[in-house]
Amino acid sequence: VKTINVALIGNPNCGKTSMFNIASGAKEHVGNYSGVTVDAKNGYFEHGGYRFNIVDLPGTYSLSSYSPEELYVRRYLRDEMPDVIINVVVASNLERNLYLTTELIDMDRSMVIALNMYDELKASGAEVDYRLLGEMIGVPIVPTVSRTGSGIDELFDTVIRVYEGHDKAVRHVHVNLGKEVEKGVTEIKDALKKDPAVGVHFSPRYLAIKLLEKDREVEDIVKNSPDHKAIFMLRDQELARIENITGEDITSIIASEKYGFIAGALAETFTDSTKHEAKTT
Ligand code: GDP
Ligand code: MG
Ligand code: K
């Protein structure tokens, strides 16, 4: 039997542990609990002729190095290289939850989105064209209710298809960060690519974006490259150029472009019939 290593990644309280329990038969604590220890739980099960190793990771809003949870999840992604990531999102809070998704897209990893708490979305009267949304962002999306198990079989069927390279929604999408940032990212990415060791764990694009954000841990990764002095000089130059031309701080430019990407995708796929007065155009 083939083994697929999957990691559950999502914001706090999106239903990761409930999904982990229902898939693996475990009985981990579920609820509004934020523990002192930041760790992961492993489980095993079989589905569709495959063996799954599943890990329940701490909840995180982003993949920077700001909090112990973010660092933990990113180190896990660096060191363990899961075959497929299940990005669990709260169906009725996509604007916020998809931010983390944009960071995973930058990393260019194999991924499936579990559109969780789909029961609450339906009860609210809102609707999302999740097939179209998945095609737009290049990641298959499966509605799930991890409290009851609804959609979990379809979710793991989709994980198998993604793992085997058979899912039609899978496509590499580029979250455009605006002309100036994109120019900087391209320059840094090209410099990084000269070292074959770079990009083994993280995509050159992800590393370039995080270098522009002055992410300490990514700087440490890049320090292993023989060209790192030239790369840091280039980063400093590009950062100065971008902030000069735009008059804005890089982290706010990147955040607003990412939220713009999400808003654009949701404008075409999300309808909230309870808010039919909302459109002004
Ligand atoms: P985690 O922090 O991501 O591990 O989330 P948990 O699994 O601990 O779930 C947080 C809360 O959401 C708990 O009260 C769960 O019972 C509830 N929950 C999880 N999944 C669903 C779902 O699909 N629908 C509904 N209505 N509630 C859910
Ligand atoms: Mg949990
Ligand atoms: K929780």
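Taking the accessible area of segment 1-108, probe 1.4 Å, and keeping the other protein chains in place, the carbon and sulfur fraction comes to 45%. Screening the chain for DSSP H helices whose Cα atoms reach 27 Å or more along their own axis and whose mean Kyte hydropathy is at least 0.5 gives 250-269.
Remark: the VAL200-ARG75 segment gains 43.7 nm on full extension, using 0.36 nm per residue and subtracting the alpha carbon distance.
Express in nm, to one decimal, how much length is gained between GLU213 and LYS122 on full extension, taking 0.36 nm for each residue of separation and deducting their alpha carbon distance. Present the calculation step by step, with values, prior to reporting the outcome.
Details: separation 91, 0.36 × 91 = 32.76 nm, distance 3.80 nm.
Result: 29.0 nm gained on full extension.
Relative to the compact-globule estimate of 2.2 N^0.38 Å, the Cα radius of gyration of the chain comes out at 1.03. Mean sequence separation of contacting Cα pairs (under 8 Å, at least six apart), scaled by the length of segment 30-175, corresponds to a relative contact order of 18 percent. Please identify, among VAL139, VAL30, VAL181, the residue showing maximal mean-square fluctuation in a Gaussian network model of the chain using a 10 angstrom Cα cutoff. Of the options given, VAL30 has the highest mean-square fluctuation. Mean residue ellipticity, 222 nm, helices only, the chain: the sum of -39500 (n - 2.57) across DSSP H runs of n ≥ 4, divided by residue count and rounded to 500, is -15000 deg cm²/dmol.
Rounded if a/c is under 1.5, else prolate if a/b is larger than b/c, else oblate: which is segment 142-230, with a ≥ b ≥ c the root eigenvalues of its Cα gyration tensor? Prolate is the answer for segment 142-230, as a/c is 1.5 or above and a/b outweighs b/c.
Taking all Cα pairs closer than 8 Å and separated by 6 or more residues, the relative contact order of the chain comes to 18 percent.
Counting 0.36 nm for each residue step from ARG171 to ASP220 and taking away their Cα separation leaves a gain of 14.6 nm. Rolling a 1.4 angstrom probe over the protein heavy atoms with all chains in place gives the chain an accessible area of 49 Å² per residue. This model, with +1 at the C-beta of Lys and Arg and -1 at the C-beta of Asp and Glu, gives the chain a dipole about its Cα centre of some 340 debye. Of the residues HIS201, GLY10, PHE270, the one whose Cα sits farthest towards the positive end of the charge dipole of the chain is HIS201 (charges of +1 on Lys and Arg Cβ, -1 on Asp and Glu Cβ, taken about the Cα centre). Translational diffusion of segment 46-166, estimated by Stokes-Einstein from the Kirkwood radius over alpha carbon pairs at 10 °C in a medium of 1.306 mPa s, is 105 µm² per second. Between LYS183 and ASP227, the modelled labels are 2.1 nm apart [label points 7 Å from Cα along Cα→Cβ]. When +1 charges are put on Lys and Arg Cβ atoms and -1 charges on Asp and Glu Cβ atoms, the dipole computed for segment 61-202 relative to its Cα centre reaches about 260 debye. Beta-bridge orientation, the chain: approximately 35 percent antiparallel, per DSSP, counting only bridges with both partners inside.
The values are calculated or read from the model by the stated rules, or taken from the named source; none is laboratory data. On a predicted model such as this, the values are computed, not experimentally measured, just so you know. Virtual Cβ from ideal backbone geometry, glycine too; neighbours counted across all protein chains shown. For accessibility, only protein heavy atoms count, side chains too; no ligands or nucleic acids. Shrake-Rupley method; radii C 1.70, N 1.55, O 1.52, S 1.80 Å.
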